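The values are calculated or read from the model by the stated rules, or taken from the named source; none is laboratory data. Note that this is a predicted model, so its numbers are computed, not measured. No Cβ is skipped: glycine too gets one built from the backbone with ideal geometry, and neighbour counts run over all protein chains shown. Keep in mind that these areas ignore ligands, DNA and RNA; they rest on the heavy atoms of the full protein, side chains included. Shrake-Rupley method; radii C 1.70, N 1.55, O 1.52, S 1.80 Å.
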Amino acid sequence: MKSAAQTERINTVIIGGGQAGLSTGYHLSRRNVPFVILEANGRIGDTWRARWDSLRLFTPAKFDGLDGLPFPAPAQSFPTKDEMGNYLEAYAAKFRLPVRTGVRVDRVTKEGNRYLVSAGDRRFDADNVVIAMSSYQEPRVPAFAGELSPGLVQLHSKQYRSPDQLRPGGVLIVGAGNSGAEIAIDVARAGHQTWMSGRATGHLPFRIESVVARVLSPFLFRVIFHRILTVDTPIGRKARPKIIAQGAPLIRQKPKDLAAAGIQQVPRTTGTKGGLPVLADGRVLEVTNVIWCTGFKPGVPWLELPVFEPDGEPRHLRGLVPDEPGLSFVGLHFLYSMSSTMIHGVGRDAERIASAVAARQPAPSPAARLLDTLPAAS
């Protein structure tokens, strides 16, 4: 049994030290709310650093800064994943955010009206818990993936780093969203015959590096994604389920880019035959590698509270859980708007959650208010 010395009592525990957690911490610090941020990785920003080598952000640097600190790069440049990781580390240092790295949460329960957060041999007793993690936690792959030949290399996009991980021969990319298109280009350029399987998600009608994009990007990111496609608008509510299920339109790549790279776009992958993948049109692809760009599950099995919908998604209203005061989410896909998982959009959600947390703090006692009015001792 854990001793009392191993239990730390604190107002708020933030789980996750990425952009959502750091942004929430920034806004809590401005409201003088005591908190701690728990980050499973050994270093702030490692979630970004662990992504595939060629990844660059889809938004220019002028949209990649969190509240209080612009991104330190030319406004129209597209930072690498390592530059984003380093920025988050610098952000935490600048605002002296209390991040504890290497602390992986394994259980969140409740006793009375307080939350108990367990992380190995550490225990936190909190008034509030903010789960500040994106929807991209636990890889989702179809059940038939286990029927593929053991001789095939199988990777999820979360595990993919570079073509060096692959066997010689063909590559099937399952999933036609942004991750699938980016990774397909990566492996095709390395000389692999490549197929990309899945429903088309559409694409932006302009190049994000173009002059046209410089004019349209503020409208796209600040107006369309941030203010129009929200849970408060009819068009946003209609678009939300589709965007969550199918992903956003292709941002950097275009169908003609995929074709120019020799990538064949094919129907959905529906099963296996003889250890090889089978497409919806009955074709069997003789590939030696399969990369699953098929999305993620929320990945919070350690949250032992009745706050999940039948599909496994957490139940919330703009991040607040109605029947669990003190429990909230930041960073989920389309939590409030399409920009909720984007660097420039997470701050609005974080500020709202921080305000709700601050409102739950007990009012100071009359004695404490009196002490605040007394002059400081010289």
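Observations
- Distance between segment 302-343 and segment 196-250 - C-alpha centres, whole angstrom: 21
- Asp164 paired with Ala90, simple spin-label distance in nm, labels 7 Å along Cα-to-beta-carbon: 2.7
- Using θ = phi - 60° in the Karplus curve 6.51 cos²θ - 1.76 cosθ + 1.60, the 3J(HN,Hα) couplings for segment 249-256 round to x, 4, 9, 8, 8, 10, x, 6 Hz; x is entered for Gly and Pro.
- If R0 is taken as 30 Å, the Cβ-Cβ distance between Ile10 and Arg104 corresponds to a FRET efficiency of 0.95.
- Fraction of accessible area attributable to carbon and sulfur, segment 113-183 (%, probe 1.4 Å): 48
- By the rule of a C-alpha distance below 30 Å, with chain neighbours fewer than 8 residues away ignored, the lysines paired with Lys256 are Lys62, Lys81, Lys158, Lys238, Lys242.
- Heavy-atom accessible surface of segment 1-75: percent carbon and sulfur, 1.4 Å: 53
- Burial ranking of peptide ranges 11-22, 267-278, 140-151 (average Cβ count within 10 Å, highest at the top): 11-22, 267-278, 140-151
- Each semi-axis of the equivalent ellipsoid for the chain is √(5λ) with λ an eigenvalue of the Cα gyration tensor; in descending order they amount to 40, 24, 19 Å.
- Glu313 contributes about 60 Å² of solvent-accessible surface, heavy atoms of the protein only, 1.4 Å probe.
- Estimated FRET transfer efficiency when R0 is 51 angstrom, pair Phe308-Ala261 (beta carbons, to 0.05): 0.80
- The aspartates and glutamates whose alpha-carbon is closer than 19 Å to the alpha-carbon of Lys94, local same-chain residues fewer than 8 away aside, are Glu39, Asp46, Asp64, Asp67, Asp82, Glu83, Glu351.
- Under the Karplus curve 6.51 cos²θ - 1.76 cosθ + 1.60, θ = phi - 60°, whole-Hz ³J(HN,Hα) for segment 99-110, x wherever Gly or Pro sits: 9, 10, 7, x, 10, 9, 6, 10, 6, 10, 10, 9
- Solvent-accessible area of His316 with every protein chain in place, 1.4 Å probe, in Å² to the nearest 10: 40
- Charge dipole magnitude, Cβ of K and R +1, D and E -1 - the chain, Cα centre, debye nearest 20: 620
- Hydrodynamic radius of segment 8-97 per Kirkwood, over alpha carbon pairs, in Å: 13.7
- Contact order normalised by residue count of the chain, Cα under 8 Å, 6+ apart, percent: 22
- For segment 7-96, the solvent-accessible area with a 1.4 angstrom probe is 40 square angstrom per residue.
- The heavy atoms of Arg56 present about 90 square angstrom of accessible area, all protein chains included, probe 1.4 Å.
- For segment 14-115, a crude dipole built from +1 on the beta carbon of Lys and Arg and -1 on the beta carbon of Asp and Glu, taken about the Cα centre, is about 300 debye to the nearest 20.
- Most to least packed among 296-302, 46-52, 171-177, 93-99 [average Cβ atoms within 10 Å]: 171-177, 46-52, 296-302, 93-99
- Residues of segment 216-231 with amide N under 19 Å of a point placed 7 Å along Cα→Cβ from Leu320: 230-231
- Amide H contacts of Arg123 (H built 1.01 Å from N, under 5 Å, at least 5 apart or other chain): Glu8
- Protein accessible area in segment 194-299, 1.4 Å probe - carbon and sulfur %: 58
- Per residue accessible area in Å² of segment 118-275, where ligands, DNA and RNA are left out and the probe is 1.4 Å: 49
- Shown in residue order for segment 36-49 are the 3J(HN,Hα) couplings computed by the Karplus curve 6.51 cos²θ - 1.76 cosθ + 1.60 at θ = phi - 60°: 9, 10, 9, 10, 5, 6, x, 8, 4, x, 5, 4, 5, 4 Hz (x for Gly and Pro).
- When the P(r) is computed for segment 164-271, the part past 18 Å accounts for 56% of the Cα-Cα pairs.
- Compactness of segment 220-289, expressed as Rg and Dmax over alpha-carbon positions, Å: 17.7, 50
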